[in-house]
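The values are calculated or read from the model by the stated rules, or taken from the named source; none is laboratory data. In this text, all values refer to a predicted model and were calculated from it rather than measured experimentally. Cβ sites come from the backbone with ideal geometry, for glycine too, and all protein chains shown count toward neighbours.
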Amino acid sequence: MKIFITGIICFGSLTAFSQNINTLINAKETERVEKILSSDEMQGRRVFTAGIEKAATFIEGEFKKAGLQPLGNAHSYRQEFEMVKPQLVSLQASIDGAPINENNIVIASAKATISGTEKDQWSVIKIDKKENPFIVAMKAMETKGNKLVLVDTSLSKMFPRFKYFSRQLFSTAPDVVFVLTSKDHFNSFSINATQSLTTQKLANIVGLLPGRLKKNEYVIFSGHYDHLGIGKAVNNDSIYNGANDDAAGTTAVILLANYFKAMHNNQRSIVFAAFTAEEIGEYGSAYFSHQFNPDQVKAMFNIEMIGTESKWGKNSAYITGFEKTDMGTILQKNLKGSAFQFYPDPYPDQQLFYRSDNTTLAKQGVPAHTISTSKMDSEPNYHKPSDEIATLNMSNMAEIIKAIAISSSSIISGKDTPTRVDTSDLK
């Protein structure tokens, strides 16, 4: 499969793209990178394991070969940071004098001691079926003041996932307590809890291609390189290779780094980022995003699971939050005359725009979108040991990466600047 261009002249200044792109982005090179990242040797790239360290070292090597610079004043491509992992030691909590079972409470705090009552220290938020629970939870985590979040029992199957919020990047974050309960209101609440705190070190891999004229304006290409590691065996296979999720996105970032470095004509600075800790709560991208002035980030292309064909078949992908900015329209304009088509996210009920590594910057108004082909209602290998390179289409994947490279051209040159995300729905 190829993107057929009807007359190179229709791309105007994109002539250089057609001359170099097939050499630098092709099925063979896609397979080379993908095969290494999703190999059994990487042991599923789970955070805090030897496997993810091997993956990090490989990505660093690829960034070095591409000729990227470290970001800012860093001396390496590793953007290191620490995460606090709390472990509950003791708990006394009650609503209207009735004790709360430990299984029905999640404490999101980086403090060793959490105590107080609803009347003197806590504001109360209710989550039920009518709202997206994780959007409400994120608001609670990011706004000032301590929160007691009542999660309706109708969401009991989902409640364990709130443990993602228990880990903390910033010690200044407010205390947030999630309680699974059928109560809509109450007269009294109290909590006294102690936690042991463990500091865990993590690292994104980040490289920079400085802009020629607009060095302080940034375009970001990203994907996450962590996955689930070694887990429950299925058909005697216990390594969750994560070939599509998201070795595919990381492969795209590496190939795009090689391509844009070779082109050597980016007017805006380009940042290439491989994030860690997406699978345990998007902590890598959250830390990364706080290192930028969001006003200086003009666009973010987060690439997630592009190894399989989309619901429309080959030559296609979708953009989460398509309607929130005009970035998708810009990309499609730059692909005029090709066979490739970007579509709006066909799974709006899954709230994918706020579920991937574009989230933190998008919530700050940056036109930050995720590009994917994953059929979220029918991907047979999602989060399974069977997510291996043999299930992916290298030719189609290469064409998607080419389409991202070509469609982003006018944003990288500074000719186009996507509109910002309206964040009023998050306030």
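Among the residues of the stretch 29-43, those identified as surrounded by fewer than 24 Cβ atoms within 10 Å (Cβ to Cβ), touching a residue at least 24 places away in the same chain (Cβ under 8 Å) and not hydroxyl-bearing (S, T, Y) are E29, E31, V33, K35, D40, Q43.
A quick yes/no check of all residues on (1) closer than 30 Å to G97 by Cβ; (2) modelled with pLDDT of 95 or more; (3) among the small types (G, A, S):
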{"residue": "D184", "(1), (2), (3)": "yes, no, no"}
{"residue": "L209", "(1), (2), (3)": "no, yes, no"}
{"residue": "G223", "(1), (2), (3)": "no, yes, yes"}
{"residue": "A233", "(1), (2), (3)": "no, yes, yes"}
{"residue": "S238", "(1), (2), (3)": "no, yes, yes"}
{"residue": "N258", "(1), (2), (3)": "no, yes, no"}
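Taken over the stretch 44-65, residues that are surrounded by 18 or more Cβ atoms within 10 Å (Cβ to Cβ) and either outside the structural domain of I254 (by TED's automatic domain parsing) or among the aromatic types (F, W, Y) (or both) amount to 2. Residue under question is K333, and the condition is that it be more than 19 Å from the chain's Cα centre (by Cα), in a helix (DSSP H, G or I), at pLDDT 95 or above and under 23 Å from Y218 (Cβ atoms); does it hold? It is true that K333 is more than 19 Å from the chain's Cα centre (by Cα), in a helix (DSSP H, G or I), at pLDDT 95 or above and under 23 Å from Y218 (Cβ atoms). A search for C-beta distances below 6 Å between a residue of the stretch 327-355 that is assigned by TED's automatic domain parsing to the domain that holds A317 and on the phi > 0 side of the Ramachandran plot and any residue that is outside any helix (DSSP H, G or I) and surrounded by fewer than 22 Cβ atoms within 10 Å (Cβ to Cβ), counting only pairs 6+ apart in sequence or on different chains, returns G337/I5; G337/T6; Q351/N132. Applying the condition of being in contact (Cβ under 8 Å) with a residue 24 or more places away in the chain and assigned to a helix (DSSP H, G or I) to the stretch 44-60 and asking which residue is nearest to K384 (Cα to Cα) yields G44. Remark: D152 matches the filter, which requires a residue to be under 21 Å from N101 (Cβ atoms), touching an Asp or Glu at 6+ places or on another chain (Cβ under 9 Å), buried (at least 16 other Cβ atoms within 10 Å of the Cβ) and without any contact (Cβ under 8 Å) to a residue 40 or more places away in the chain.
Set side by side, the residues I280, I254 differ, and just one is of a type in the set (V, I, T) and assigned to a loop (DSSP other than H, G, I, E, B), which is I280.
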